[in-house]
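Everything below concerns the one structure shown next.
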Amino acid sequence: MSNATKISTNRDILGASALRPDGAAKVSGKFEFSSDLHAEHMLWGATLRSPHPFARIISIDFSAAYKISGVEAIITAQDVPGKKTYGLIASDQPVFASEIVRYVGEPIVAVAADHPETCRRALAAIKVVYEVLTPITDAEVALLPQTLQIHPDGNLIRHQRIVTGDQDLQGDVIVEGTYEMGMQDQAFLGLEAALAIPDSGGAGVEMYVATQWLHEDQKQIAACLNLPLDKIRLTLGGVGGAFGAREDISLQVHCALLALHTSRPIKMQYSREESFYGHVHRHPAKIWIRHHATRSGVIQRIESRMVFDGGAYASTSSAVLINGITHIQGPYKCSNATVDGFAVRTNNPPCGAMRGFGVVQACYAHESQMDKLAVACGLSPVEVRLVNAMVTGDKLITGQVVESVAPVARCITETDSIAMPAPLAHDANALEIVGGSGLTSLPHNIVRGVGWGVSIKNLMYSDSFDDFATARCRLQDGVVHLKYATVEVGQGFVILAPQIARSVLGVDEVVIDPVDTRIGSAGSTSASRQTWMSGGAVDGACRLVRQRLFEHVGKLHDIDPLRLVIEDTDVVDMLGDFRISVIEASTGVLFEETFEHHHRPTEELDANGQGNCHVAFAFVAHRAVVDVDVELGLVKVIQIATAQDVGRVLNPIAALGQIEGGIAQGLGLAVMEEIVLDNGKMRNPSFTDYLLPTALDAPEVVAIMIEEPEPQAPLGAKGIGEPPCISVTPAIAAAIRNATGRDLPRVPIRPQDICL
Amino acid sequence: MMPNTEIYNLRVNGKNHEVRDAWVGESLLYVLRERLGLPGSKGACEQGECGSCTVIMDGQAVCSCLVMAATAIDAEIKTIEGLTPDGELTEVQDAFITEGGVQCGFCTPGLVVAIEHLLDNNQSPTEIEIKEAISGNICRCTGYGRIFEAVQTAVATRRAAR
Amino acid sequence: MTVAIPQTLREALAFSSANPNAQIIQGGTDLMVEINFNHRKPTDVIALRRVEEIRNYAYTADKSKVIVGAGLPYQKMEHGEIAELFPALAQAARTVGSPQIRAAGSIGGNLGTCSPAGDALPVLSALNAEVNLRTETGSRDISVHDFMIGVKRNDRKPGELIISVTLPIIQGWQGYAKVGVRNAMVISVASCCLVVDRKLGAISVALGAVGPTIIRCRETEQWLATQIDLKSISAVAPNLLKEFGERIANESKPIDDHRSTAAYRRHAVATLSRRLLVRANTK
């Protein structure tokens, strides 16, 4: 069911449910994903990975592998001509491990051969001798002073405190808890893949790759290859989902190196199992938190200690940590805080970006607390949240004032206004009941529960990062060409960019040029930032072109350009009768402008965690209704009601798709998705055992989009990608608590957590 | 029948295709994508747990990653590329676009094939029948809401066309 | 390197006698996973997909049993005559993987792989199925209990083909239930099949995914027969029901793994078996 309204307009401008320009190709199998790329005389590349979480490499013998017919190259750390390490924030991760391996799956060798099967045989023939070491897999243990430091940079990736206000305040009501979250995988469907084509003479390489940020990849690859930036040219290969997992590079350097080494095109693509080893995951976290409040439930002070397990390498752990600690207050007023956050290195798989980026962990903790507070104060879950709801102008625990539109109370009350689902019918179809075709439960085994979650999420990059996006607009003969490096991962920028151009310039035909590094950076497709950032860049470039167009028309027809506006598809004189179509006005003339959109600068946090470190915020509320077979601990999520602060709806159907998709991922984290680790080893790196929600697990979603345009945002729209997946997880957990009376301090909630 | 494993023929989308020098363990998915130039079927799990590689084989929707290609020599295989003549879209494909059932699009070909198969065998599926029919097709982007909507739209369009 | 695609059972048996170590492939849903994951590299393969004789079912001459072909896809058991005769088999069949898997997978594959989580196997065990094996020169029927030896181990000898199972038609009630952590397409964490033979006054209970292979709870079956009259339909007293579940759990031999814990699995089979016993006596 949906409340998406299709705006009826014959033009696909902002606000209309414009359709995907890549839709026809995608539904007919013609869209070229990175894994579909081919080149003449291409070889396949593959990676040998560590089976141990922590070990010293004694020797690597690939003599037998070289003898296999069809093997063309075998490369190791010695073959990396430039920087031997890479990384998004700290360059601490070896391209190939040479002395120590620090996690299961760490790359050691790459091979190139004529067939994937030849690659497999070559990898099997390589003999690596290890001295196995005892891995450090508990983040708390890794922090102890006597613990072995597993990396030259130490076991502590970052520590940050937030200390503000009265440090001694004791509330009349005190609630506390310790909450844990397991390791979630982004599990995009389109596996990592790239094609690298070497320049003749080996001077550079042309790469087609599925990534989230072309220019960052380019920078890291060039450094490792010791080549100038312009010798590494990246073009976006079709991306089959990302969700944060493609923000770090995976196979890029290996693939480029093999191409230069063999002087042949190289294709690399991961299997699902390798994908689990090959990209970063969501940080497992352990969060202790204590709320001090008045008897009427007003939060006075929070204390918290947050530990994020970053795994073996830093990736974006330090930024995830900052997000976690600065969001621990939730969308609630609070003046006094003592927060201690640690991002820790262990011999677990590396963790980094995933949709929600540190806020998912914080939200699960603060929302679990809100329900405890409600009980302690005799309030309902809705009441306790409304009592504390933040508004524009409130000061965060970092000292930053919330300047964003902040309709927190509206998110809650509008969600609350959504009708509850019908009760489970006594003669319900088995597939509508918990357990589905397993015929596990009958209606009388089921208890229904309701729970709430509300969240705040920062938009764009924080902590003093100079974040920008670039776009170029060309108008000629009534046709607009847009050029940018903004990565389409499925989110729909490919729909939005033409909508912006049509709205600003009054054209209908918009062509998107290849997405590559032949223009300035667009930044990453992450942090709910592309609508704001790249949308702002496209909007800015189109506005500049419109100015040129008005100047041109004004000069030709002797009208002050300031009197000209776009009306539908015409240039119109506001104060007279003059009217000319944009097509006619631009016939035979080329207007071209490039625009860089920067958001306002942010600051680093000081030693007490004070500073304007974020750009803007978005809010959302979720109410979950679940059916629980309490005796067996099985759960089916029936309905998610949500009201989300979106600023402005630019495309109703695309926005709803983001909301429903995010909810499914939050649902997965609540009840089924976890990489199970045993002493650093993944026990379930496959889709048989890493469970993703199916069509029969998808709840009814009833969504309300709250439109209060954000003055800071170029298009009035806030980023909408991350909020849907954040508070849905605690809402579902709360609903299960409501049905079972259990404490449930850890997600994902497993059957045994409920019934044993 | 003992086909030559060095050279065998597959019948895909009504045409015969010769497969040469293949390794016997290659899956139908691999052969379609890497040898026959039919990359529309996608691989995301290699173990029948995602449905991205769904094709119709002898009238049944199956995971092509779990079919040994060399054993499919006498089967009638239909892939996403064979649903319609080039350039045309089926009601299902059309509805996926208009209802927002496509985001990254990686699961889409497999879902389209599974839904075409459902609607060919059941002209008016109930909501729960739709969900069960695509319960083997994982979509990570959409949360399925727009896909359910697309199926309903396709059913209505097909009905109106009758 | 050969791939044989026999069109008849006779051809199939000839191939398998000539090459007793050839890899047999039925629906491919197990074997291809092993090949795709590089765990197995077969050289010679016998594909049974064209052998129509094993993709059917038939009554025995005295109509007391049904012979179900080893290659009959699960999809064909979900509805129709097989589902009416063996509701538990239909229920188990519907929980196998996804619709795509059910179009390809079959009992022959479940028996050949012999995973303790094989969805159809508890049903075969509770029904006391016989597994029918053939070679070019001979045949043998073996009780499914003797056929399943251990984790992914069975009694099939090189050169033998699993061609069918023989299932007795039971007058009474039968049901199957399975626990997984998702509402569709999920490997069993624990499963249970319960069959009440009203004519003989006997009950059989078989458990999946809670031991190295399928577990028949014979002690509990015998105990229950002494407690209630299984020939007549009657509600089971709560204390008896409780003890029944406990006894079932005690007969299970589950382990901790990444899918669940031994404690939960014991609890799950106790609960499933109780629920099935209640269902058996309320219909």
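Taking the criterion of being within 20 Å of B:C141 (Cβ to Cβ) and more than 21 Å from the chain's Cα centre (by Cα), the residues of region A:680-700 that qualify are A:A695, A:L696, A:D697, A:P699, A:E700. Look at (1) in a helix (DSSP H, G or I); (2) at the interface with chain B (Cβ under 10 Å from one of its Cβ atoms) and you find that A:A670 fails only one, number (2). Of the residues examined, A:V553 is not one that is assigned to a helix (DSSP H, G or I) and touching an Asp or Glu at 6+ places or on another chain (Cβ under 6 Å). Among the residues making up region C:164-193, those that are small (G, A, S) and touching a strand residue (DSSP E or B) at 6+ places or on another chain (Cβ under 7 Å) are C:S164, C:G172, C:G175, C:A177, C:S188, C:A190, C:S191.
Once region B:31-46 is narrowed to residues that are free of Cβ contacts under 8 Å to residues at least 60 places away in the same chain and in contact with an Asp or Glu (Cβ under 6 Å, 6 or more places away or on another chain), the residue that is farthest from B:T108 (Cα to Cα) is B:L38. Which residues, taken from region A:432-447, are out of contact with any strand residue (DSSP E or B) (no Cβ under 7 Å at 6 or more places or on another chain), touching a residue at least 12 places away in the same chain (Cβ under 8 Å) and closer than 21 Å to C:G208 by Cα? If the condition is that a residue be out of contact with any strand residue (DSSP E or B) (no Cβ under 7 Å at 6 or more places or on another chain), touching a residue at least 12 places away in the same chain (Cβ under 8 Å) and closer than 21 Å to C:G208 by Cα, then A:G436 is the only one that fits. Looking only at residues of region C:172-187 that are within 14 Å of another protein chain (Cβ to nearest Cβ) and in a strand (DSSP E or B), we find that the one that is farthest from C:A61 (Cα to Cα) is C:V179. Of everything listed in (1) surrounded by fewer than 24 Cβ atoms within 10 Å (Cβ to Cβ); (2) closer than 18 Å to A:R161 by Cα, the single unmet condition for A:K333 is (2).
Evaluating C:L89 against the criteria (1) crowded, with 24+ Cβ neighbours inside 10 Å; (2) closer than 25 Å to C:I255 by Cα; (3) more than 14 Å from chain B (Cβ to nearest Cβ) leaves one unmet condition, (2).
With respect to A:A537, determine if the residue is under 18 Å from A:L236 (Cβ atoms), within 24 Å of the chain's Cα centre (by Cα), of a type in the set (A, V, I, L, M) and part of a loop (DSSP other than H, G, I, E, B).
no
Here region A:415-431 is the region considered, the condition is being within 14 Å of chain B (Cβ to nearest Cβ) and without any contact (Cβ under 8 Å) to a residue 24 or more places away in the chain, and the residue that is surrounded by the fewest Cβ atoms within 10 Å (Cβ to Cβ) is A:D427. Candidates A:G358, A:G378, A:G352, A:G399: the one that is among the small types (G, A, S), at pLDDT 95 or above, surrounded by fewer than 20 Cβ atoms within 10 Å (Cβ to Cβ) and closer than 28 Å to A:V320 by Cβ is A:G399.
Does A:I136 fit the bill of being touching a strand residue (DSSP E or B) at 6+ places or on another chain (Cβ under 6 Å), away from chain B (no Cβ under 14 Å) and on the phi < 0 side of the Ramachandran plot?
No, not satisfied.
A:L744 fulfils the conditions (1) crowded, with 24+ Cβ neighbours inside 10 Å; (2) on the phi > 0 side of the Ramachandran plot; (3) of a type in the set (A, V, I, L, M) except for a single criterion, (1).
Of all residue pairs spaced 6 or more apart or on separate chains, those with beta-carbon atoms under 6 Å, a first member in region B:47-66 that is closer than 15 Å to A:S271 by Cα and a second member that is at pLDDT 95 or above and part of a strand (DSSP E or B) are B:G48/B:C63; B:C53/B:C63; B:C65/B:S27.
Of the candidates A:S250, A:S271, the single residue that is within 12 Å of another protein chain (Cβ to nearest Cβ) and crowded, with 20+ Cβ neighbours inside 10 Å is A:S271.
Answer yes or no as to whether A:V111 is of a type in the set (A, V, I, L, M), out of contact with any Cys (no Cβ under 9 Å at 6 or more places or on another chain), touching a residue at least 40 places away in the same chain (Cβ under 8 Å) and part of a strand (DSSP E or B). For A:V111, the condition - of a type in the set (A, V, I, L, M), out of contact with any Cys (no Cβ under 9 Å at 6 or more places or on another chain), touching a residue at least 40 places away in the same chain (Cβ under 8 Å) and part of a strand (DSSP E or B) - is not met.
Of all the listed residues (C:S234, C:S191), the sole one being closer than 30 Å to A:I638 by Cβ and among the polar types (S, T, N, Q) is C:S191. Residue selection: A:P730 fails the criterion of being farther than 21 Å from A:G241 by Cα, in contact (Cβ under 8 Å) with a residue 40 or more places away in the chain and surrounded by fewer than 22 Cβ atoms within 10 Å (Cβ to Cβ). Every listed requirement among (1) in contact with a helix residue (DSSP H, G or I) (Cβ under 8 Å, 6 or more places away or on another chain); (2) in contact (Cβ under 8 Å) with a residue 24 or more places away in the chain; (3) not in a strand (DSSP E or B) is met by A:K286 save one, (3). Among the residues examined, C:R279 qualifies as touching a Leu at 6+ places or on another chain (Cβ under 9 Å), more than 16 Å from A:D753 (Cα to Cα) and within 12 Å of chain A (Cβ to nearest Cβ).
The single condition among (1) over 21 Å from the mean Cα position of the chain (by Cα); (2) buried (at least 24 other Cβ atoms within 10 Å of the Cβ) that A:I519 does not meet is (2).
Would you confirm whether or not region A:641-653 contains a residue that is more than 9 Å from every other protein chain (Cβ to nearest Cβ), buried (at least 23 other Cβ atoms within 10 Å of the Cβ), within 24 Å of A:A428 (Cα to Cα) and touching a residue at least 60 places away in the same chain (Cβ under 8 Å)? Yes; the residues of region A:641-653 include at least one that is more than 9 Å from every other protein chain (Cβ to nearest Cβ), buried (at least 23 other Cβ atoms within 10 Å of the Cβ), within 24 Å of A:A428 (Cα to Cα) and touching a residue at least 60 places away in the same chain (Cβ under 8 Å). Checked against (1) surrounded by 18 or more Cβ atoms within 10 Å (Cβ to Cβ); (2) part of a loop (DSSP other than H, G, I, E, B); (3) not β-branched (V, I, T), C:R247 meets all criteria but (2). Counting residues in region C:62-82 that are surrounded by 24 or more Cβ atoms within 10 Å (Cβ to Cβ) and basic (K, R) gives zero.
Can you find, within region B:76-98, the residue that is farthest from B:G37 (Cα to Cα) among those that are more than 7 Å from chain A (Cβ to nearest Cβ) and crowded, with 22+ Cβ neighbours inside 10 Å?
Taking the candidates together, the pick is B:A95.
Kindly indicate whether any position in region B:109-127 is under 26 Å from A:N429 (Cα atoms), more than 14 Å from chain C (Cβ to nearest Cβ) and in contact with a Cys (Cβ under 9 Å, 6 or more places away or on another chain). Checked region B:109-127: no residue is under 26 Å from A:N429 (Cα atoms), more than 14 Å from chain C (Cβ to nearest Cβ) and in contact with a Cys (Cβ under 9 Å, 6 or more places away or on another chain). Only a single item in (1) at pLDDT 95 or above; (2) surrounded by fewer than 19 Cβ atoms within 10 Å (Cβ to Cβ); (3) polar (S, T, N, Q) is not met by C:T43, and it is number (1).
Filtered by the rule that a residue be surrounded by fewer than 23 Cβ atoms within 10 Å (Cβ to Cβ) and farther than 19 Å from C:S106 by Cβ, region B:57-73 gives a lone residue, B:I73.
The values are calculated or read from the model by the stated rules, or taken from the named source; none is laboratory data. Because the structure is predicted, anything quoted here is derived from the model rather than measured. As a convention, Cβ positions derive from the backbone with ideal geometry for all residues, glycine included, and neighbour counts pool all protein chains shown.
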